[in-house]
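The values are calculated or read from the model by the stated rules, or taken from the named source; none is laboratory data. Everything quoted here is computed from the prediction, not taken from an experiment. Every residue, glycine among them, receives a Cβ derived from its backbone with ideal geometry; neighbour counts consider all protein chains shown. Quick note on the areas: whole protein, heavy atoms, side chains included, nothing else; ligands and nucleic acids left out. Shrake-Rupley method; radii C 1.70, N 1.55, O 1.52, S 1.80 Å.
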Amino acid sequence: MKNTDTSSYQHFLKVVDCQHACPAHTPVPEYIRLIAEKRYTEAYMINWQSNVFPGVLGRVCDRPCEPACRRTRVEAEPVAICRLKRVASDYKEDIYSYLPSIPQQKNTKRIALIGAGPASLTVARDLLPLGYEVVLYERDAKAGGMMRSQIPAFRLPETVLDEELNYILQMGVECHFGEEITSLAKLLQAKFDAIFIGTGAPSGRWLEIPGHDLASDHIKVGINWLANVSFKHTEEAPKRVVVLGGGNTAMDCCRTAKRLGASEVNVLVRSSFDAMKASPWEKADAQAEGITITPDHSPIEYVISGGKFIGVRFEKVASSYDEHGKRTLRATGETILVECDLVLVAVGQDTAFPWIERDIGLKFNKWQQPTLNKETLQSSLAQVFFGGDAAFGPENIITAVANGHQAAISIDLFCQGKDTQQDRPEAGFNLVSQKMGIHDWSYQSGISHEQRHQVPHIAWEEAVKQLNTEVELGFDEKLALEEAHRCLNCDVHTVFNENTCIECSACDDICPMDCINFVDVDQHSDKNAEQIIDKLRVKEINPQQELLVSPALKTGRIMIKDEDVCLHCGLCAERCPTGAWDMKKLMIDNIGATIK
Amino acid sequence: MSYQKSSFYHPRLPVNDLGLTYRDYEGALSTLCAGCGHDAITSAIVQACFELSLPPHQVAKMSGIGCSSKAPNYFLNKSHGFNSVHGRMPSVTTGANLANRDLTYLAMSGDGDSASIGLGQFAHVVRRQLNMLYVVANNGVYGLTKGQLAATADKGVTNKGGELSLFSDIDLCVMALQLGATFVARSFSGDKKQLVPLIKAAMSHQGFAFIDIVSPCVTFNNHASSTRSYDYVHEHITTAAVTDFIPVKTEITSDCQAGVCEDICLHDGSLMRIHKLQADYDTKNAMKAINDIESHKQKGEILTGLFYLDPNGESFHDVNNSSDTPLNQLKQEVLCPGNRVLSSINDSFR
Ligand SMILES: Cc1cc2nc3c(=O)[nH]c(=O)nc-3n(C[C@H](O)[C@H](O)[C@H](O)COP(=O)(O)OP(=O)(O)OC[C@H]3O[C@@H](n4cnc5c(N)ncnc54)[C@H](O)[C@@H]3O)c2cc1C
Ligand SMILES: Cc1ncc(C[n+]2csc(CCOP(=O)(O)OP(=O)(O)O)c2C)c(N)n1
Ligand code: SF4
Ligand code: SF4
Ligand code: SF4
Ligand SMILES: [Mg+2]
């Protein structure tokens, strides 16, 4: 069994599962701790550094951090990481003085950004403070991308979006709104040192089943329909609406239709309810607003009768899974007709690059996606970079932001004539002791056993009457502080020093979670890890999680700490008579560089 | 400072026959010094009771005064307990055992509590063969009163304050062997692999069981010139045999080779399996055990392990032929049968 390499940040970052799961590696526990201390502005700025849109993401992030939260290993629900981000945004003070200063003297490099979604804006945010000139082309009249055109205002108020876009635009972006780029070849001739393409995945899929052409007046692509609603081209919905698809777009379509006057809204999806792509909380909110979700139904025909559109016919299907978890749908033969006046199709979206000429050296793969280096996001044309939905198909805002950081690093290297891969900077890190006194820590080491708090919202009957009123009210301060205290401070690491350990076993005796083990290793028979793991206090380890393995101690034993369910309560360090354990906070100085 | 240990526990923690995890056998959060050997003993007791599936309410924790005697507060918080006067735990335990012979008596004392002020009490409770486990946490000092030398300290050592040990040490294992204890062992707080099976066997044993556990006082007796420091003990500890405890219900799969292995059947049907490291190792010979202890001591070694075991020895209630029903369960009329019975007893003496 190999000793853990503690000379780089990798082991430690992996222990902070929420941060590790966040595509932008937002220092989650750090900002939650600041919230717990009511230092909202600082909490906001920590977020702003990594994820650029804390107010937006604190409302609508897909929150990959939450399923990763270590709290779920010791109780039912994760920390409400996402909604605590909103707390930082709601309670912060004016942040202008904390924003980076923009050099008057530019570095003479000009960068073009295509599309004003979160990916491009992150690139702008990262490059402007370095002295770059940034020129933005956006075909819509305003910035924001799908955050403005598709995500409904009842989930993300326009004021919140505008505020966070302005922090960036006011840094001195040269904006060309209402200007669509129709030829990359032409843009390549303009004097830009690099071009970033953040045009998203704007092309919604149709569902071409029988009856499609005749019924076309009654069928709309969900994302286009949503855009029309946000740009006020569509202001009402008919009485009966069917939504096809089970993702978050479907959820936004049905909830919006309800608000525009539809009284019978039915979402039908081929998968089972549990397998629907929409986040569980989106499904719950839709149902709370009186929307019917009908799983296990596959659309087979748009039904026209007597020249009139009647509705959609579905076949009931059953999902079954093979041992690899792959799903197959089996038709049951049973069909139903769901009558309606409008069908919203929310079955997926694609990138669209008709404006990129195929003879300019920019390579595409067989799915018509640009060929990219996954880490640098550089295309086969050295000066062209991609990010966000345009790079690898539809994802989410936080992925677009993470891509923006990666691309900004690459563009900066490229403009200095460096290699975007080989010369990539590595993040520096530091482990800082949190010791204040013999048994005092600078973080709240006591464990809260409270359950997750629900975010207050306006009454559901009110909610469905208002198109642009935000449903969620956010945590009040009391709830916020209680929720913040649930965080286990996973970035405050148990760091072990084998040279000062006297093997008194105090740490392994006190640990509430059976993390710590002192193990005899027999040089002859303990060659493989399995035999060693069999000697741990809890032998059934979680293979996804790291073990912290020390070099040999004085008696020849080794210390193995299973990081899996550590509460970071600090009792091991409090009980250690020699300070061989310390609680140290992981500080990474260039988080962007950790995104790989 | 954390005054609380989280009630969260490892989701894959094993449960015993009673459906309890080892966490159900814990007590209050220890207030002993960080790194005190006594906390490791606590944790070995918790583990042993958990593995034995002892119903906590059928255990009585007995102690005197000292850091070691505080330790029962830190384990088995669902059990009975009595924290007696300094050195008087044996008398109180005798009384309790007389009243209720059905409880499992687990006594924890210190070398000060047992080898100084309580030496007389110690000697008599061994001699009395009370059915109990008597544990001494041996750290060579009076920890609670800031590190004065205990009577167990080796002659010639100095304590942290520089005080010289002028007299030869009292070895409580040797005394227990001389006075007729039927289970005698020595162990080290830092060696749970040895300690936990010994505690389990001692608690299953019928009769007086004694375990002297070397338990470093990290605050007052862990300096370079100490013979009870972690480093000294790690370097000088040795054993003649490795003991396993095999509970009644466990099917025995590996065989026990004569000469190197020996199975001893305890009163309740459980087994102590002994893997000999020294060919002449013998659990039936108290004289030899005393010899071995002393000769290792002369070599500067601390001999640990099971020294002596007589699984069929008599205990106090056998000797006295006392009632099988615990006295506390007998009705008033039976306990105090009145004048008629008294006069018939008196008549028998005439
Ligand atoms: C209905 C719906 C709901 C969603 N909800 C969420 C959610 O709750 N949480 C979440 O994280 N994500 C959500 N998403 C996904 C999220 O909006 C996107 O993943 C994200 O906006 C992608 O960012 P981007 O910067 O790559 O591109 P986009 O946000 O798509 O921005 C691209 C911009 O480029 C412009 N553009 C395109 N082509 C050109 C051109 N040729 N010239 C000039 N400009 C051009 C477009 O007008 C657009 O403004 C949702 C998506 C949809 C459709
Ligand atoms: C009658 C009486 N005499 C003296 C004391 C003071 N006293 C308290 S604890 C102790 C010695 C404890 O030593 P030990 O039993 O070895 O316990 P340790 O603290 O070392 O574990 C003494 C002398 C007392 N409490 N009561
Ligand atoms: S408990 Fe806190 S630090 Fe740990 S994973 Fe959850 S949010 Fe992150
Ligand atoms: S911080 Fe230490 S004592 Fe607390 S759970 Fe983690 S390893 Fe155990
Ligand atoms: S003084 Fe010594 S015996 Fe008492 S708690 Fe501290 S280390 Fe343990
Ligand atoms: Mg003592």
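The table that follows gives values for the structure above.
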| read-out | value |
| --- | --- |
| Helical mean residue ellipticity (222 nm; -39500 (n - 2.57) per DSSP H run of 4+; nearest 500) of chain A | -7500 deg cm²/dmol |
| At most 13 other Cβ within 10 Å, DSSP loop - chymotrypsin sites (Phe, Trp or Tyr not before Pro), the range A:317-404 | A:W367 |
| Charge context of A:A262, other residues only, Cβ under 14 angstrom, K/R +1, D/E -1 | 0 |
| Listed peptides A:70-78, A:490-498 by packing density, highest first (mean Cβ within 10 Å) | A:490-498, A:70-78 |
| Carbon and sulfur %, accessible surface of chain A computed with the full protein complex present, 1.4 Å | 49 percent |
| Alpha carbon Rg of the range B:22-318, scaled by the compact-globule rule 2.2 N^0.38 Å | 0.93 |
| Per-residue mean of C-beta atoms belonging to partner chains within 10 Å, peptide A:508-521 | 4 |
| Apportionment of accessible area to carbon and sulfur, the range B:193-345, percent (1.4 Å) | 52 percent |
| Kirkwood estimate for the range A:204-347, i.e. one over the average of 1/r between Cα atoms, Å | 15.4 Å |
| Values of log10 I(q)/I(0), in the order q = 0.28, 0.31, 0.33 Å⁻¹, for the range A:308-355 under a Debye, Cα-only, solvent-free model | -1.03, -1.08, -1.11 |
| 12 Å beta-carbon shell around B:Q206, net charge (K/R +1, D/E -1) | -3 |
| Largest-first principal axis extents of the Cα set of the range B:10-141 (Å) | 48, 35, 18 |
| Fraction in percent of alpha-carbon pairs per bin - 10 Å, the range A:452-491 | 27, 36, 25, 11, 1 |
| Where the range B:22-318 is the region considered: accessible area per residue in Å², 1.4 Å probe | 38 Å² |
| Shielded by partner chains, the range B:6-25 residues - at least 50 Å² of accessible area, 1.4 Å probe, vs chain alone | B:S6, B:F8, B:H10, B:R12, B:Y22 |
| Spatial separation of Cα centroids for the range A:375-423 and the range B:166-221, in angstrom | 68 Å |
| Within 10 Å of each Cβ in B:221-230, the average number of Cβ atoms from other chains | 1 |
| Calculated P(r) tail over 22 Å for the range B:1-80, as whole % of Cα pairs | 23 percent |
| Length-normalised contact order of the range A:276-326 in % [C-alpha pairs under 8 Å, at least 6 apart] | 26 percent |
| Net charge of Cβ neighbours under 10 Å - reference A:Q349; Lys, Arg +1; Asp, Glu -1 | -1 |
| Relative contact order computed over chain A (Cα-Cα under 8 Å; 6+ residues apart), in percent | 18 percent |
| Cα-centre dipole for the range B:22-318 with unit charges at Cβ (Lys and Arg positive, Asp and Glu negative), debye to 20 | 680 debye |
| Protein accessible surface hidden between A and B, which excludes ligands and nucleic acids, total in Å², probe 1.4 Å | 2700 Å² |
| Normalised contact order of the range B:22-318, rounded percent, pairs of Cα under 8 Å and 6 or more residues apart | 17 percent |
| Assigned charges on the beta-carbon of Lys, Arg, Asp, Glu; the range A:204-347 dipole about Cα centre (debye) | 120 debye |
| Averaged over B:33-41, number of beta-carbon atoms from partner chains that fall within 10 Å | 5 |
| Alpha-carbon centroids, the range B:71-127 and the range A:191-248: separation in whole Å | 80 Å |
| Alpha-carbon centroids, the range B:308-325 and the range B:1-58: separation in whole Å | 31 Å |
| The range B:283-350: radius of gyration and largest Cα-Cα distance (Dmax), Å | 22.7, 65 |
| Selected from A:I209, A:G131, A:A237, residue furthest toward positive end of dipole (the range A:127-242; charges at beta carbon) | A:I209 |
| Selection of GluC sites (Glu not before Pro), the range B:234-296, meeting DSSP coil and at most 11 other Cβ within 10 Å | B:E251 |
| Segments A:439-450, A:26-37 sorted - mean Cβ within 10 Å per residue, highest first | A:26-37, A:439-450 |
| Translational diffusion coefficient (Stokes-Einstein; Kirkwood radius from C-alpha pairs) of the range A:248-318 at 20 °C, 1.002 mPa s, in µm²/s | 164 µm²/s |
| Rg/Rg_ref, the range B:227-309, where Rg_ref = 2.2 N^0.38 Å and atoms are Cα | 1.24 |
| Sulfur and carbon atoms: percent of accessible area, the range B:1-153 [1.4 Å] | 55 percent |
| Overall Cα dimensions of the protein assembly as shown - principal axes, largest extent first, Å | 124, 67, 54 |
| Positions from the range A:486-506 whose accessible area shrinks by 40 Å² or more when the full protein complex is built, not the chain alone, probe 1.4 Å | A:I502, A:C504 |
| Candidates B:P72, B:P56, B:P90: whichever shows maximal mean-square fluctuation once chain B is modelled as a Gaussian network with Cα springs under 10 Å | B:P56 |
